[in-house]
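Visitor: What follows is a single structure, and I will ask about it in a moment.
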Amino acid sequence: MPFSKLGLSAKALEGVRASGYTEPTAIQLRAIPLVMSGRDLIGSAQTGTGKTAAFALPMISRLAQRGALRGLVLEPTRELAAQVETAIRDYGRFTNLRTAVLYGGTGYGRQDQALRQGVDIIVATPGRLLDQMQRGLVRFNHIEMLVLDEADRMLDMGFLPDVRRVVERCPRARQTMLFSATIPPEIEQLCRWALCDPETVEIGQRRSPAETATHALYPVASDQKQELLEDLLRRTDYDQVLIFCRTKHGADRVARRLQQQGHAVAVLHSNRTQQERERALNGFRNGRYEVMVATDIAARGLDVEQISHVINYDVPHHPEDYVHRIGRTGRAQSVGDAFTIMTGENVEEIVAIEHFIGQKIPRVKLEGFPYKYTRLLEDRPPPIFGGRSRRSRPVGYGGRR
Ligand code: AMP
């Protein structure tokens, strides 16, 4: 079904065309007509499914014209807020709607100026939004459409009390949409409290990682992790690679070593200033950096089209984080690879991840790598690859791709 059959306004359709989208994704197909009819919505979908446009296009269509602040989108991180605001501005470029993005960790100047000029849609992290409300620059009394995006991440980050404070200040007669990759009990409760007779749209299995990604585990001794990472990068034919570390110091250390090896590396974690983070992100987006090393929180919701590989330098603590990390590759319909470096200490975490995603992840041995031990590799026979595209095959067999 084409976009033109979903009930969107002519201006929103122009925005879609200019974005180069030819047909709606599954969540857009199901969510857009519902939102256009005024229903509340629970979207159980991961990033990478096209969920931003699923709420942004109806918002642009329904708000239509410049007026008061009527659309509000809450996001868990500054990066995600900035990204979603850019998307809304892009889709709405043929309207005269004004948007603003509000997040902490940066000065008030530009944000205040935007608010004083008047805006129709705000995309914000909850803390700074409440802050701006207390400063008298934001009023919620005309809000018609409220989006709680990545609700499970907001829960993880302890933002639910702030989210509730915002919701309480919005008019009762409003349309509310909540998006979440997983629906834990706290989010279910939030849905019951904040939404009115919602329709649920579930895309894919709730807990499956981006299905287009190919997964591989690289077991190694813990003091050989960096060496293996470097070898893996040498043998991999990547466009851009995102490397996850558990800690900020770990991320800095890995980045430094890769820089010494001649890689163009950006680092993204919360010890960096907003300006440094923006510089890293923009440099990664425009291809100046081929590698980005990040911690989980900093990279949440990152949308960089060219990411061909995600490498978990450290196995994530929570299986959910594995899914979120992998969600950075294999976006929309493209294929991506997800490599995880594991040590003997990670065996239980890997079992939990495999259980969570409902599939075994193949163990792969790097040919010619000077392994100190291969016990973890001997757990099961090596996997047999075939039938997938060249780029989706984990490295290890047949050398450089
Ligand atoms: P999201 O899940 O909203 O973060 O979107 C993931 C990616 O899919 C973004 O890069 C979008 O630009 C892209 N996208 C969204 N909708 C479509 C569509 N209908 N066709 C092609 N790409 C899309």
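The values are calculated or read from the model by the stated rules, or taken from the named source; none is laboratory data. None of these values were measured; they are calculated from a predicted model. Note that we place each Cβ from the backbone using ideal geometry, even for glycine, and neighbour counts take in every protein chain shown.
Visitor: Name the one entry in ALA100, ALA45 that is out of contact with any Cys (no Cβ under 8 Å at 6 or more places or on another chain) and within 14 Å of the ligand (Cβ to nearest atom).
Guide: Of ALA100, ALA45, the one residue that is out of contact with any Cys (no Cβ under 8 Å at 6 or more places or on another chain) and within 14 Å of the ligand (Cβ to nearest atom) is ALA45.
Visitor: Among the residues of the stretch 61-69, are any within 14 Å of the ligand (Cβ to nearest atom) and either in the same structural domain as ASP120 (by TED's automatic domain parsing) or in contact (Cβ under 8 Å) with a residue 24 or more places away in the chain (or both)?
Guide: No, the stretch 61-69 contains no residue that is within 14 Å of the ligand (Cβ to nearest atom) and either in the same structural domain as ASP120 (by TED's automatic domain parsing) or in contact (Cβ under 8 Å) with a residue 24 or more places away in the chain (or both).
Visitor: Between ARG285, ARG277, ARG272, which is within 16 Å of the ligand (Cβ to nearest atom) and either over 19 Å from ALA338 (Cα atoms) or modelled with pLDDT of 80 or more (or both)?
Guide: None of the others qualify; the one that does is ARG285.
Visitor: A further question follows. Can you tell me which residue is modelled with the lowest pLDDT among those in the stretch 50-60 that are surrounded by 23 or more Cβ atoms within 10 Å (Cβ to Cβ) and near the ligand (Cβ under 10 Å from one of its atoms)?
Guide: LYS51
Visitor: Next question, about the same structure. THR176: hydroxyl-bearing (Ser, Thr, Tyr), modelled with pLDDT of 90 or more and under 28 Å from LEU130 (Cβ atoms), yes or no?
Guide: Answer is yes for this residue.
Visitor: Search the stretch 22-45 for residues that are outside the structural domain of ARG174 (by TED's automatic domain parsing) and pair each with any residue that is among the polar types (S, T, N, Q) and within 14 Å of the ligand (Cβ to nearest atom) when their beta-carbon atoms are under 9 Å apart and the residues are at least 6 apart or on different chains.
Guide: none
Visitor: Still on this model: Can you tell me which residues in the stretch 112-135 are without any contact (Cβ under 8 Å) to a residue 60 or more places away in the chain and crowded, with 22+ Cβ neighbours inside 10 Å?
Guide: Listed by number, the residues that qualify are ASP120, ILE122, VAL123, ALA124, THR125, PRO126, LEU129.
Visitor: Go through the residues of the stretch 187-198 one by one and say whether even a single one is modelled with pLDDT of 90 or more, among the β-branched types (Val, Ile, Thr) and surrounded by fewer than 16 Cβ atoms within 10 Å (Cβ to Cβ).
Guide: no
Visitor: Go through (1) over 17 Å from ILE297 (Cβ atoms); (2) in a loop (DSSP other than H, G, I, E, B) one by one and return the number of the condition VAL101 breaks.
Guide: (2)
Visitor: Would you please name the residue that is nearest to the chain's Cα centre (by Cα), looking only at residues in the stretch 97-111 that are hydroxyl-bearing (Ser, Thr, Tyr) and surrounded by fewer than 17 Cβ atoms within 10 Å (Cβ to Cβ)?
Guide: THR106
Visitor: Search the stretch 72-97 for residues being in contact with a strand residue (DSSP E or B) (Cβ under 7 Å, 6 or more places away or on another chain) and away from the ligand (no atom under 16 Å from the Cβ), and hand back the single one that is nearest to ARG153 (Cα to Cα).
Guide: LEU72
Visitor: Run GLY250 past the list (1) under 22 Å from GLN83 (Cβ atoms); (2) of a type in the set (Gly, Ala, Ser); (3) over 20 Å from the mean Cα position of the chain (by Cα) and report the number of the one that doesn't hold.
Guide: Condition (1) is where GLY250 drops out.
Visitor: Based on what the data block shows, is GLY92 out of contact with any Asp or Glu (no Cβ under 8 Å at 6 or more places or on another chain) and small (Gly, Ala, Ser)?
Guide: Judged against the criteria, GLY92 is a match.
Visitor: Please go through the stretch 1-13 and pick out each residue that is more than 11 Å from the ligand (Cβ to nearest atom), crowded, with 17+ Cβ neighbours inside 10 Å and in a helix (DSSP H, G or I).
Guide: Those that are more than 11 Å from the ligand (Cβ to nearest atom), crowded, with 17+ Cβ neighbours inside 10 Å and in a helix (DSSP H, G or I): LYS11, ALA12, LEU13.
Visitor: So which residues in the stretch 268-282 are in a helix (DSSP H, G or I) and closer than 20 Å to ARG325 by Cα, if there are any at all?
Guide: Selection gives ARG277, GLU278, ALA280, LEU281, ASN282.
Visitor: Scan GLU85, GLU150 and give me the residue that is surrounded by 16 or more Cβ atoms within 10 Å (Cβ to Cβ), in contact (Cβ under 8 Å) with a residue 60 or more places away in the chain and not aliphatic (A, V, I, L, M).
Guide: Of the residues listed, the single one that is surrounded by 16 or more Cβ atoms within 10 Å (Cβ to Cβ), in contact (Cβ under 8 Å) with a residue 60 or more places away in the chain and not aliphatic (A, V, I, L, M) is GLU150.
Visitor: Restricting to the stretch 14-31, and then to whatever is within 10 Å of the ligand (Cβ to nearest atom) and assigned to a helix (DSSP H, G or I), can you tell me which residue is surrounded by the most Cβ atoms within 10 Å (Cβ to Cβ)?
Guide: Applying the filter and picking the extreme gives GLN28.
Visitor: In the set ARG128, ARG153, ARG110, ARG116, which member is of a type in the set (D, E, K, R), under 29 Å from PRO319 (Cβ atoms) and assigned to a helix (DSSP H, G or I)?
Guide: Being of a type in the set (D, E, K, R), under 29 Å from PRO319 (Cβ atoms) and assigned to a helix (DSSP H, G or I) holds for just one of ARG128, ARG153, ARG110, ARG116, which is ARG153.
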